[in-house]
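Contents: one structure, followed by commentary.
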Amino acid sequence: MPKKSSSTPKRIRVDFEPLGRRVDNDLGDNLLTAAQAAGVQLVSLCGGIGSCDNCRVRLISGELSPPTSEEQDALGTEDLARGYRLACQAIPLSNVKIDIPPESLTAPQRLQIEGLETLIEPDPVVTSFDMQLTPPTLDDLRSDVSRVKQALDDLGIACPVIGLPVLEDLSDILRSQNWTARLVLRGDEVIVGLPLECGLLGLAVDIGTTKLAAYLVDLQNGNTLAKTGRMNPQISYGEDVVSRIAYTINNEGGRKLLQAKLVEAINDMLAELRNQTETEPEQVVEAVVVGNTAMHHLFAGLPVRQLGEAPYVPAVADPMDIPASQIGLMLAPGAYVHLPPNIAGYVGADHVAMLLATDMWDSARTVLALDIGTNTEISLATGGRLLSCSCASGPAFEGAHIHDGMRAAPGAIERVQIFGEEVRVHTVGSQPAVGICGSGILDAIAEMVAAGVLDSRGKLQKDHSLVDEDDGVVEFLIMPAKATGHEHNIIVTQKDVGEIQLAKGAIRAGIEILLEEAGLAHDEIEEFIVAGAFGTYLDIRSAVRVGMFPALPVDRFRQVGNAAGTGARQMLISAERRQATAEIVRRVEYIELTTHPNFTNEFIKAMTF
Ligand code: FES
């Protein structure tokens, strides 16, 4: 047990990322004990004696006890220097933030990668030509490139560009394939030489502030061959966009580090997708990456400081095509990454992709579409107009800043119902409850309003039997300690209610301002599209009951999953869909809410229940 200094606190806060679980731990307890108390299920095959190397975690910030001999044996100096530790051995000496790699968890976090599947005629920006070249002889000493150019010229493609990354492999490829090749071109640029009739693949990625989704697509028939998701590793450096921007400002090399973390995670996802499909990196000849403007900039290595300062303008709003090799993505040697246009500093290419995928931008009907995240982007299409805004809804729906909040991992309460004095819940994976995620807290608040636990201003009613006051904190008991998976009460505090009021108030105010700008009433919305991870799982009736969404008939709502990912896939397989984004951006009338004269009024109104 570590020596207790006079400045060492008796209780130590351990923050487990990327799950967003926090626990106050007794001094002297190791990280495995803290994880168990927090309901975080780490693999611990050896039962915590330091011999299985399964409970590997990484220190992000704070201080841990010096490595034990078991850790030195299991991890080695290099991994120890990178912050890796064994949870069963390391004891926090101060408040710590710990990163849990996915392989150290027994059950995966729920990641939203499903989205609309729409039929798009494949028309990718790359083309391929199968060719047979004449090998060199003593009488024909032309270079390899001259042979390739001549063969392409015979096909009517004059003066192709062959860049250095392609040249590095081309000669070997031609010889190993007996002077045959499927040459892949993007415009007049050669991307790669593949074996004859080899399939062409594309990678679509949606970079969310919290989650990443990646799709491997067959470019010839447009089918999605495999998909995967994982947490955005940048979470360790800031929960939301604003704190990540601050990280890059306050830490030299921070921008490069955040870019490297993202690229590493995307390469890992691509390797997983390729393993699933037994394909080669050279086959991946094009990528489309979408994200909010900050994620877009961090991926491309662009400055983000200006996104954190009024008037919050992007460094680049135009579409970009960047060589994958320049970013470090493991695609075909000459492949490009296409980044669609951004609309504004807080309405990015992911929203453009969502508008594209849902086709709402071109709809003859009045359609409102939103993607709820730490930042919520909202668009309204009506009578040929397309109005968009963005509101800071905060991370409460990701479980952050909520007393027992957590992300939608196993054991998170995702549904709540109140029957008199009985609270019934359902958890992700039907595991013992260890916290509450976004859809659960939204349900809980809606039920609390209906049950009279909350008044219209959001005040907890102390005379309700499930409302208690503990140490000056007024709280509603969702689940008593004995029924949970970690033996702590799961509660909703007055502060939690306030966080949800801020989030739902911001979203509703954004909706109201767009309707007001278009001169429309609520019931003129013919379709209400809810996209994104949280939007997939939330109960629409709860969102209406708390006043986050207007009270429209339930059949006007459509939950579409990860529509940004769908839009990215469409842009991957279709040059025409890619071009449509220019028209979307041209058509958008962006409404800045922070300076809108009615925003504060609408926001205050929307805070009530
Ligand atoms: S639980 Fe086996 S090494 Fe920690």
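Ranked from largest, the principal axis spans of the Cα set of region 354-423 equal 49, 26, 20 Å. Computed from Cα positions, the angle between helix 69-81 and the longest principal axis of the chain comes to roughly 60 degrees. With each label modelled as a point 7 angstrom along the Cα→C-beta vector, the Ser456-Glu516 pair spans 2.0 nm. Bridgeable lysines around Lys256 (alpha carbons under 23 Å apart, same-chain partners fewer than 8 residues away excluded): Lys97, Lys211.
For Ile436, the residues whose modelled amide H falls within less than 5 Å of its own, excluding neighbours fewer than 5 places apart on the same chain, are Gly405, Met406, Ile413. With a cut-off of 19 Å on the backbone N, the residues of region 216-248 near the modelled label site 7 Å out from Glu309 along Cα-Cβ are 241-248. Projected over all directions and averaged, the alpha-carbon convex hull of the chain occupies 31.1 nm².
Could you work out how far the C-alpha centroid of region 342-374 sits from that of region 470-490, in angstrom? Centre-to-centre distance over Cα atoms comes out at 40 Å.
Which of the GluC sites (Glu not before Pro) found in region 357-428 are loop residues per DSSP with 11 or fewer other Cβ atoms within 10 Å of their Cβ?
Values: sites: Glu377, Glu398, Glu414, Glu421, Glu422; in loops: Glu421.
Hits after loop and neighbour filter: Glu421.
Looking at region 247-283, which GluC sites (Glu not before Pro) are in a loop (DSSP not H, G, I, E or B) and have at most 12 other Cβ atoms within 10 Å? Walk me through the intermediate numbers first.
Working: sites: Glu252, Glu264, Glu272, Glu278, Glu282; in loops: Glu252, Glu278.
Taking region 247-283 and a limit of 12 other Cβ atoms within 10 Å, the loop GluC sites (Glu not before Pro) found are Glu252, Glu278.
Backbone amide hydrogens, once placed in the peptide plane, bring Leu200 within less than 5 Å of Leu219, Gln220, excluding anything fewer than 5 places away on its chain. Note on region 59-77 and region 408-466: Cα centroid distance 39 Å, given to the nearest whole angstrom.
Taking amide hydrogens as placed 1.01 Å from N in the peptide plane, the amide H of Met320 sits under 5 Å from those of Leu339, each at least 5 positions away in sequence or on another chain.
With the alpha-carbon atoms of region 193-287 aligned to their principal axes, the span from lowest to highest coordinate is 51, 23, 18 Å, starting with the largest.
Suppose the chain between Asp463 and Lys10 were pulled fully straight at 0.36 nm per residue; how much longer would it get relative to their current alpha carbon spacing? Display every interim value, and only then the final one.
Values: separation 453, 0.36 × 453 = 163.08 nm, distance 3.45 nm.
Gain in length upon complete extension: 159.6 nm.
Net length available on complete extension from Thr77 to Ala481 is 141.3 nm, with 0.36 nm assigned per residue and the Cα-Cα distance removed. In terms of its alpha-carbon gyration tensor, region 246-389 comes out oblate; a/c meets the 1.5 threshold, while b/c is at least as large as a/b. Looking at the chain alone, DSSP beta bridges between its own residues are antiparallel in about 70 percent of cases.
The packing ranking, built from the mean of other Cβ atoms within 10 Å per residue, places the peptides 87-98, 163-174 in the order 87-98, 163-174, highest first. At 222 nm, what helix-only mean residue ellipticity would the chain give, in deg cm²/dmol to the nearest 500, using -39500 (n - 2.57) for each DSSP H run of four or more? Helix contribution divided over all residues of the chain: -9000 deg cm²/dmol. If you look at the Cα atoms of region 411-518, you get an Rg and a Dmax of 15.0, 52 Å.
The distance separating the Cα centre of region 283-332 from that of region 240-280 comes to 12 Å. By its C-alpha gyration tensor, with a ≥ b ≥ c as the square roots of the eigenvalues, how is region 431-488 shaped: rounded for a/c under 1.5, else prolate for a/b larger than b/c, else oblate? The shape class here is oblate. Diffusion coefficient (Stokes-Einstein, Kirkwood radius over C-alpha pairs, 4 °C, 1.567 mPa s) for region 451-603: 68 µm²/s, rounded to a whole number. Within the straight-line cut-off of under 20 Å between alpha carbons, the lysines reachable from Lys462 are Lys495, sequence neighbours fewer than 8 places apart in one chain being disregarded.
Every number here is computed from the coordinates shown, using simple stated rules; none is lab data. Quick caveat: nothing in here was measured; it's all calculated off a predicted structure. A quick note on method: Cβ atoms are made from the backbone with ideal geometry, for glycine too, and the neighbour counts reach across all protein chains shown.
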